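The values are calculated or read from the model by the stated rules, or taken from the named source; none is laboratory data. Source: prediction; values computed, not measured. A quick note on method: Cβ atoms are made from the backbone with ideal geometry, for glycine too, and the neighbour counts reach across all protein chains shown. Heavy atoms of the whole protein, side chains included, go into the accessibility calculation; ligands, DNA and RNA do not. Shrake-Rupley method; radii C 1.70, N 1.55, O 1.52, S 1.80 Å.
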Amino acid sequence: DLWKYDDGKHQWFNILPVMNTAVPPARNRHAMALLGSRVVLLFGGASTKLKTLETGKYFNDTWMYNDHTQMWLLVPDKPNMLLPEAREYHAMAGLENQKAIMFGGLNEQNINLKDTWRFDGNTREWMEVSATGISTPTARYFHSMASTGGGTVVLHGGKLSAAKFKDDTWKYDDN
């Protein structure tokens with residue numbers, strides 16, 4: 001399902017897919033970020049077996065939803081293009097110039113990730129980012145990220161394990 005909130009009307013609207021167009025497979029624990037003003041980026045997540053609630057397939061596919069055309073586009077893999085590994089419980093936030101940043105999550109082997117990836121909506125390519133500085137966030141999942149404008153993103157919290165939570169806050173500057 002895809003839903004859109006209209007702040008002026010204080011209502012949610014279910015957006016039905018355009019006939020005969022591709023849509024992302026059902027999933028949960030994925031991440032989404034805004035690219036500009038009309039395009040939403042979706043990456044990763046996992047399917048769940050409904051009867052057992054066990055995690056099924058992990059995804060590392062990239063989709064872009066255009067709010068103007070109300071259509072999804074599966075971003076095709078390019079030859080020799082690096083892609084983030086399949087994951088769930090990761091976080092993403094939009095940057096300027098049709099870009100988004102993604103951090104961490106949990107992979108299929110239940111290992112916490114601490115990688116940082118930038119997606120460029122203009123070239124439709126992922127690039128792993130080597131963060132600079134003395135320290136970087138520890139591997140984690142279940143954290144949150146939000147854009148503060150000007151190419152800056154804030155990351156907060158998350159989990160290291162089922163019983164260990166984080167309360168730290170990090171700032172990422174794409175400039």
If you go through the range 78-135, how many residues are under 13 Å from Leu34 (Cα atoms), modelled with pLDDT under 95 and not polar (S, T, N, Q)?
1
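Name the single residue, out of those in the range 31-42 being closer than 16 Å to Leu73 by Cβ and open to solvent by 40 Å² or more (accessible area, probe 1.4 Å), that is nearest to the chain's Cα centre (by Cα). Spell out the reasoning first.
Filtering the range 31-42 down to residues closer than 16 Å to Leu73 by Cβ leaves 32-36, 38-42.
If we keep only those that are open to solvent by 40 Å² or more (accessible area, probe 1.4 Å) too, we end up with 32, 34, 38.
Working: Met32: 4, Leu34: 10, Arg38: 16 Å.
Among those residues, the one meeting the criterion is Met32.
Answer yes if at least one residue in the range 43-58 is buried (at least 18 other Cβ atoms within 10 Å of the Cβ), in a strand (DSSP E or B) and either more than 13 Å from the chain's Cα centre (by Cα) or of a type in the set (Val, Ile, Thr) (or both), and no otherwise. Break it down stepwise before answering.
The initial filter retains those residues of the range 43-58 that are buried (at least 18 other Cβ atoms within 10 Å of the Cβ), namely 43-46, 58.
Still in the list and also in a strand (DSSP E or B): 43, 46, 58.
Those left that are additionally either more than 13 Å from the chain's Cα centre (by Cα) or of a type in the set (Val, Ile, Thr) (or both): 58.
The answer is yes, given that some residue of the range 43-58 is buried (at least 18 other Cβ atoms within 10 Å of the Cβ), in a strand (DSSP E or B) and either more than 13 Å from the chain's Cα centre (by Cα) or of a type in the set (Val, Ile, Thr) (or both).
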Any residue in the range 10-26 that's more than 19 Å from Val75 (Cβ to Cβ): show its pairings with residues that are among the aromatic types (Phe, Trp, Tyr) at Cβ separation under 9 Å, as long as the two are six or more apart or on different chains.
Gln11/Tyr5; Trp12/Trp3; Trp12/Tyr5; Phe13/Trp3; Phe13/Tyr5; Asn14/Trp3; Ile15/Trp3; Ile15/Tyr65
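Please verify whether Asn175 is among the polar types (S, T, N, Q) and loosely packed, with under 12 Cβ neighbours inside 10 Å, treating the condition exactly as stated. Lay out the reasoning, then the answer.
Numbers: among the polar types (S, T, N, Q): yes; loosely packed, with under 12 Cβ neighbours inside 10 Å: yes.
So Asn175 fits the description; yes.
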Report, by residue number, each residue of the range 83-97 that is of a type in the set (Gly, Ala, Ser), under 14 Å from Tyr141 (Cβ atoms) and either open to solvent by 50 Å² or more (accessible area, probe 1.4 Å) or over 9 Å from the mean Cα position of the chain (by Cα) (or both).
Ala86
Can you tell me how many residues in the range 136-169 are surrounded by fewer than 18 Cβ atoms within 10 Å (Cβ to Cβ), hydrophobic (A, V, I, L, M, F, W, C) and either part of a loop (DSSP other than H, G, I, E, B) or out of contact with any Gly (no Cβ under 8 Å at 6 or more places or on another chain) (or both)?
6
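Looking for whichever is under 19 Å from Met145 (Cα atoms) and part of a loop (DSSP other than H, G, I, E, B) here; the options are Thr132, Thr123, Thr21. Which one fits? Before you say what the answer is, go through the steps one by one.
Values: Thr123 fails: under 19 Å from Met145 (Cα atoms); Thr21 fails: under 19 Å from Met145 (Cα atoms).
Among Thr132, Thr123, Thr21, only Thr132 is under 19 Å from Met145 (Cα atoms) and part of a loop (DSSP other than H, G, I, E, B).
Here is a check on your reading of the model: is Glu108 surrounded by 13 or more Cβ atoms within 10 Å (Cβ to Cβ), among the acidic types (Asp, Glu), without any contact (Cβ under 8 Å) to a residue 40 or more places away in the chain and not in a strand (DSSP E or B)? Before the answer, list the steps.
Working: surrounded by 13 or more Cβ atoms within 10 Å (Cβ to Cβ): yes; among the acidic types (Asp, Glu): yes; without any contact (Cβ under 8 Å) to a residue 40 or more places away in the chain: no; not in a strand (DSSP E or B): yes.
When the stated conditions are applied, Glu108 does not pass them.
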Given the condition surrounded by fewer than 14 Cβ atoms within 10 Å (Cβ to Cβ) and at positive phi, answer yes or no: does some residue in the range 65-79 qualify?
no
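Based on what the data block shows, is Ala100 in contact with a Lys or Arg (Cβ under 9 Å, 6 or more places away or on another chain), open to solvent by less than 70 Å² (accessible area, probe 1.4 Å) and in contact (Cβ under 8 Å) with a residue 40 or more places away in the chain? Break it down into steps so the answer makes sense when it comes.
Details: in contact with a Lys or Arg (Cβ under 9 Å, 6 or more places away or on another chain): yes; open to solvent by less than 70 Å² (accessible area, probe 1.4 Å): yes; in contact (Cβ under 8 Å) with a residue 40 or more places away in the chain: yes.
It is true that Ala100 is in contact with a Lys or Arg (Cβ under 9 Å, 6 or more places away or on another chain), open to solvent by less than 70 Å² (accessible area, probe 1.4 Å) and in contact (Cβ under 8 Å) with a residue 40 or more places away in the chain.
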